[in-house]
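The values are calculated or read from the model by the stated rules, or taken from the named source; none is laboratory data. The shown structure was predicted, so the numbers you read here are calculated from the model rather than taken from an experiment. Glycine gets a Cβ as well: all are built from the backbone with ideal geometry, and neighbour counts include every protein chain shown. Ligands, DNA and RNA are excluded from the accessible area calculation, which covers all protein heavy atoms including side chains. Shrake-Rupley method; radii C 1.70, N 1.55, O 1.52, S 1.80 Å.
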Amino acid sequence: MIVEILSAVVVVGGVWLASGVRVVKQFERGLVFRFGRVRPEVRGPGLTLLVPVADRMHKVNMQIVTMPVPGQDGITRDNVTVRVDAVVYFNVVDPVLAAVNVQDYRAAVGQVAQTSLRSIIGKSDLDDLLSNRERLNQGLEIMIDSPAIDWGIHIDRVEIKDVALPESMKRSMSRQAEAERERRARVISADGELQASEKLAQAAAAMSDHPGALQLRLLETVVQVSAEKNSTLVLPFPVELLRFLDSNTPKAGKSATEEAASPERPALDKSETNGFLGPPQPRQEGDALTE
């Protein structure tokens, strides 16, 4: 009888002790509430013993939580209606504050993120939302982190995911981008024409000083065209080529009239011409015979 009683006492004691054993995972921390009062010691990962009936354990997850912020409609500072959504990364750094100071820290962080996002939208221009997101992310992180410190929460980072614009604004921005691209294309084309005209003017000046360069250029063009394997090649004969050939071809001799009129040629005497200096002249009356 006594043995049975002792056995029963041992079994009850073992069950009672086993009811006070808890397992805390690596990414968790355990808070012990003894008769409703939180104990200052935070239980780490592994096995931990509690006082049955008196102690209760509350586990707090210490991992980084990824919380998407629903899209918020707002009007920017330059009066454009947009819809912006974001994502918040945070984790618990003080499990006692997270469990005691706030009822649901996830919901609290989500509400603060939504209100801060709307505030950022109203303070920013559309260009900032589209191109200067790093500064907006930092400002949004500071706004959310300020109240979260008292809850034992650390905001790791905040990122704006997407900015939804009205269709009319999208069309306007598309036309603006096309106009800007067209302007750049025209400026680049005009700049190219200006540089080409300057080079052509320099080439023309060089060819005018050296006419032979024009002929070499013509022959080079003929070679390039003949490489195309065309069946017919029409080659214009420029006047400059004629002038070049005329200026570089020596003349065979001058005409007889030019030779007679030339002041450098001495007058022919009668002996050199055998008495024939020209056609016979008619005699006049009273002229004396010379023979």
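For the stretch 57-79, how many residues meet the condition of being assigned to a strand (DSSP E or B), in contact with a helix residue (DSSP H, G or I) (Cβ under 8 Å, 6 or more places away or on another chain) and either open to solvent by less than 40 Å² (accessible area, probe 1.4 Å) or over 30 Å from GLU28 (Cα atoms) (or both)? Spell out the reasoning first.
We begin by selecting, within the stretch 57-79, every residue assigned to a strand (DSSP E or B); these are 57-61, 65-75.
Okay, now just the ones that are also in contact with a helix residue (DSSP H, G or I) (Cβ under 8 Å, 6 or more places away or on another chain), so 58, 60, 65, 67, 69-70, 72, 74-75.
If we keep only those that are either open to solvent by less than 40 Å² (accessible area, probe 1.4 Å) or over 30 Å from GLU28 (Cα atoms) (or both) too, we end up with 60, 65, 67, 69, 72, 74-75.
Residues flagged as assigned to a strand (DSSP E or B), in contact with a helix residue (DSSP H, G or I) (Cβ under 8 Å, 6 or more places away or on another chain) and either open to solvent by less than 40 Å² (accessible area, probe 1.4 Å) or over 30 Å from GLU28 (Cα atoms) (or both) within the stretch 57-79 amount to 7.
Can you tell me which condition MET169 does not meet? The list is (1) in contact with a helix residue (DSSP H, G or I) (Cβ under 9 Å, 6 or more places away or on another chain); (2) farther than 30 Å from VAL82 by Cβ, and all the others hold.
(2)
I want to confirm something. Restricting to the stretch 36-56 and keeping residues that are open to solvent by less than 50 Å² (accessible area, probe 1.4 Å) and within 55 Å of the chain's Cα centre (by Cα), which single residue is nearest to VAL96 (Cα to Cα)? Step through it out loud before you land on a result.
Taking the stretch 36-56 first, the residues open to solvent by less than 50 Å² (accessible area, probe 1.4 Å) are 38, 44, 46, 48, 50, 52, 54-55.
Restricting the remaining residues to those that are within 55 Å of the chain's Cα centre (by Cα) gives 44, 46.
Working: GLY44: 13, GLY46: 19 Å.
Taking the candidates together, the pick is GLY44.
Give the residue that is farthest from ILE155 (Cα to Cα), with candidates limited to residues of the stretch 122-137 that are in a helix (DSSP H, G or I) and of a type in the set (Asp, Glu).
To start, the set of residues in the stretch 122-137 that are in a helix (DSSP H, G or I) comprises 122-123, 126-131, 133-137.
From what is left, the residues that are of a type in the set (Asp, Glu) are 127-128, 134.
Working: ASP127: 26, ASP128: 23, GLU134: 16 Å.
The residue in question is ASP127.
Just to be sure before I move on: is ALA204 among the aliphatic types (A, V, I, L, M) and surrounded by 12 or more Cβ atoms within 10 Å (Cβ to Cβ) in the structure I sent? So that I can check it myself, show each step before the final result.
On the way: among the aliphatic types (A, V, I, L, M): yes; surrounded by 12 or more Cβ atoms within 10 Å (Cβ to Cβ): no.
For ALA204, the condition - among the aliphatic types (A, V, I, L, M) and surrounded by 12 or more Cβ atoms within 10 Å (Cβ to Cβ) - is not met.
Of all the residues that make up the stretch 163-182, how many are at pLDDT below 85 and of a type in the set (A, V, I, L, M, F, W, C)?
Looking only at that region, the number is 2.
Output yes when any residue across the stretch 80-91 is open to solvent by 40 Å² or more (accessible area, probe 1.4 Å), modelled with pLDDT under 90 and within 30 Å of ASP127 (Cβ to Cβ), and no when none is.
Among the residues of the stretch 80-91, at least one is open to solvent by 40 Å² or more (accessible area, probe 1.4 Å), modelled with pLDDT under 90 and within 30 Å of ASP127 (Cβ to Cβ), which makes the answer yes.
One line per residue, one yes/no per condition, for (1) in contact with a Leu (Cβ under 8 Å, 6 or more places away or on another chain); (2) at pLDDT 75 or above; (3) of a type outside the set (Phe, Trp, Tyr):
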position	(1), (2), (3)
ASP209	no, yes, yes
GLU228	no, no, yes
PHE237	no, no, no
ASP246	no, no, yes
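Does ALA98 meet the test of being hydrophobic (A, V, I, L, M, F, W, C), surrounded by 15 or more Cβ atoms within 10 Å (Cβ to Cβ) and closer than 30 Å to ARG37 by Cβ?
Values: hydrophobic (A, V, I, L, M, F, W, C): yes; surrounded by 15 or more Cβ atoms within 10 Å (Cβ to Cβ): yes; closer than 30 Å to ARG37 by Cβ: yes.
Yes, satisfied.
If I ask for residues that are surrounded by fewer than 16 Cβ atoms within 10 Å (Cβ to Cβ) and closer than 19 Å to HIS58 by Cβ, which ones from the stretch 101-127 would you list?
Across the stretch 101-127, the qualifying residues are ASN101, GLN103, ASP104, ARG106, ALA107.
Conditions (1) open to solvent by 90 Å² or more (accessible area, probe 1.4 Å); (2) touching a residue at least 12 places away in the same chain (Cβ under 8 Å), marked per residue:
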residue	(1), (2)
LEU130	no, yes
MET143	no, yes
SER146	no, no
HIS154	no, yes
SER168	no, no
ALA196	no, no
LEU219	yes, no
GLN224	yes, no
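Scan the stretch 55-86 residue by residue and report those that are touching a Pro at 6+ places or on another chain (Cβ under 8 Å) and of a type in the set (Ser, Thr, Tyr).
Answer for the stretch 55-86, where residues must be touching a Pro at 6+ places or on another chain (Cβ under 8 Å) and of a type in the set (Ser, Thr, Tyr): just THR81.
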